[in-house]
Amino acid sequence: MIRSDILRDIAPVIRDQLVICNIGLPSQELHMIDDQPTNFYMLGTMGLASSIGLGLALAQEKTVISIDGDGSVLTNFGTLPTIANNVADNFILLIIDNGSYGSTGDQPTYAGRKTSLAAVATACGCETVAECAAEEVKATLEAAIASAKMTVIVAKCESGNIKVPVITKDPVSIRDRFMEAVRG
Amino acid sequence: MSIHTRIVDDLIANDISFVTTVPCKQLAGVIEEVEARPEIAHVPANKEDEGMGLCAGAYMGGKRPAIIMQNTAIGVTINTLVTLTQFYRMPLPMLISYRGELREPVACQAEMAVHTKALLNQLHIPTYHFHKEDDVEELDAILKYTFMCSKPVAILTDATFWGGY
């Protein structure tokens with residue numbers, strides 16, 4: 001399975017949750033598969049999906065799922081200690097770890113080599129860390145939502161992309177629609 | 001009343017309830033005050049762009065955020081300021097220690113100081129410079145202005161303002 005297969009699989013689980021989606025192909029794929037007002041698409045700013053998600057989770061009570069990538073977590077490694085030390089039990093960080101920088105041409109990341117993001121998250125102090133295979137992401141995510149415990153999920157999958165159109169929605173419209181969904 | 005209390009009182013009076021910080025010696029007192037006040041959720045960040053991400057999330061969650069950081073962070077955060085805070089049109093007061101100005105003992109700080117205002121100007125970020133202690137009188141109006149126009153706004157505070165390094 002590749003990232004877009006996982007997104008298709010989990011779409012029914014996340015469609016009623018607040019989702020912060022990573023820059024590039026992840027956002028474009030989610031937008032194509034199941035566009036929802038509860039989705040915040042990042043059109044720029046690589047690395048900050050987990051930070052935005054944590055800030056949102058700390059500011060209000062609804063469950064927040066940040067869909068991140070291994071490359072983006074590597075870019076913003078400082079996020080993991082901040083998450084671990086500011087526990088928000090309504091926050092789930094889903095790292096889709098395909099061992100590559102998918103949006104830029106599948107260059108390999110260190111997470112696909114010697115570095116284990118699950119081990120790093122644990123070492124940073126994150127208390128509930130689950131590594132799972134692509135086929136298990138949906139069940140793992142459902143369990144994490146039900147547990148109401150802050151959870152980091154590292155979902156291992158294959159590298160690869162599908163053809164998707166870029167998002168042409170206005171950023172302020174995306175943000176405004178999302179904020180209305182947060183309040184609703 | 002100390003300058004630190006005065007500043008944090010103004011943040012609270014403007015309903016700012018989520019503050020992220022990356023420390024600087026000049027900001028130690030104000031960060032301590034932020035941490036001490038129950039009205040504010042204080043989330044220290046490891047890097048300033050991470051902090052701006054936290055602030056963006058808190059803002060979308062209905063809280064008014066602020067970031068406290070050093071001016072060297074302008075070099076770190078240009079992409080985030082442009083593609084997140086400005087592109088999605090979000091308000092962000094930035095209380096910034098302006099290192100490398102008069103009374104600075106560390107030569108390297110002057111290197112970033114000379115670029116600070118030019119970069120903020122290039123980014124079209126409204127910028128205020130607190131040099132004398134009385135300049136703090138404008139903080140309340142600057143915070144109101146920030147949330148009125150939904151922009152990142154810089155408040156540069158130099159060593160003279162803080163009463164020496």
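Each value in this text was obtained by applying a stated rule to the coordinates, not by laboratory testing. On a predicted model such as this, the values are computed, not experimentally measured, just so you know. Here the Cβ is made from the backbone with ideal geometry for all residues, glycine too, and neighbour counts use every protein chain on show.
If you filter the stretch B:1-28 down to residues that are out of contact with any Leu (no Cβ under 6 Å at 6 or more places or on another chain) and of a type in the set (D, E, K, R), you find that the one that is farthest from B:Glu133 (Cα to Cα) is B:Asp15.
When A:Glu136 is tested against (1) closer than 17 Å to A:Leu7 by Cβ; (2) touching a residue at least 40 places away in the same chain (Cβ under 8 Å), only condition (2) is not met. Please go through the stretch A:140-184 and give me each residue that is small (Gly, Ala, Ser), over 23 Å from A:Ser51 (Cβ atoms) and either away from chain B (no Cβ under 14 Å) or crowded, with 18+ Cβ neighbours inside 10 Å (or both), ordered by number. Residues satisfying the conditions are A:Ala143, A:Ala146, A:Ser159, A:Gly160. Anything in the stretch A:116-134 that is acidic (Asp, Glu) and assigned to a loop (DSSP other than H, G, I, E, B)? List them, or say none. Answer for the stretch A:116-134, where residues must be acidic (Asp, Glu) and assigned to a loop (DSSP other than H, G, I, E, B): just A:Glu127. The set of residues in the stretch A:68-110 that are more than 21 Å from A:Phe40 (Cα to Cα), of a type in the set (Gly, Ala, Ser) and in contact with a helix residue (DSSP H, G or I) (Cβ under 9 Å, 6 or more places away or on another chain) comprises A:Gly78, A:Ala84, A:Gly99, A:Ser100. Of all residues in the stretch B:76-89, those satisfying the criterion of being more than 7 Å from chain A (Cβ to nearest Cβ) and over 25 Å from B:Gln26 (Cα atoms) are B:Val82, B:Thr85, B:Gln86. Taken over the stretch A:56-74, the criterion of being more than 14 Å from the chain's Cα centre (by Cα) and either within 19 Å of B:Val76 (Cα to Cα) or not charged (D, E, K, R) (or both) is satisfied by A:Leu58, A:Ala59, A:Gln60.
Only a single item in (1) under 13 Å from the mean Cα position of the chain (by Cα); (2) within 14 Å of chain A (Cβ to nearest Cβ) is not met by B:Ser17, and it is number (1).
Return the residues of the stretch A:37-55 that are farther than 20 Å from A:Glu180 by Cα and over 11 Å from the mean Cα position of the chain (by Cα); say none if nothing qualifies. Answer for the stretch A:37-55, where residues must be farther than 20 Å from A:Glu180 by Cα and over 11 Å from the mean Cα position of the chain (by Cα): A:Gly44, A:Thr45, A:Met46.
Being within 18 Å of B:Pro65 (Cβ to Cβ), acidic (Asp, Glu) and away from every other protein chain (no Cβ under 14 Å), is that true of even one residue in the stretch B:94-112? No, the stretch B:94-112 contains no residue that is within 18 Å of B:Pro65 (Cβ to Cβ), acidic (Asp, Glu) and away from every other protein chain (no Cβ under 14 Å).
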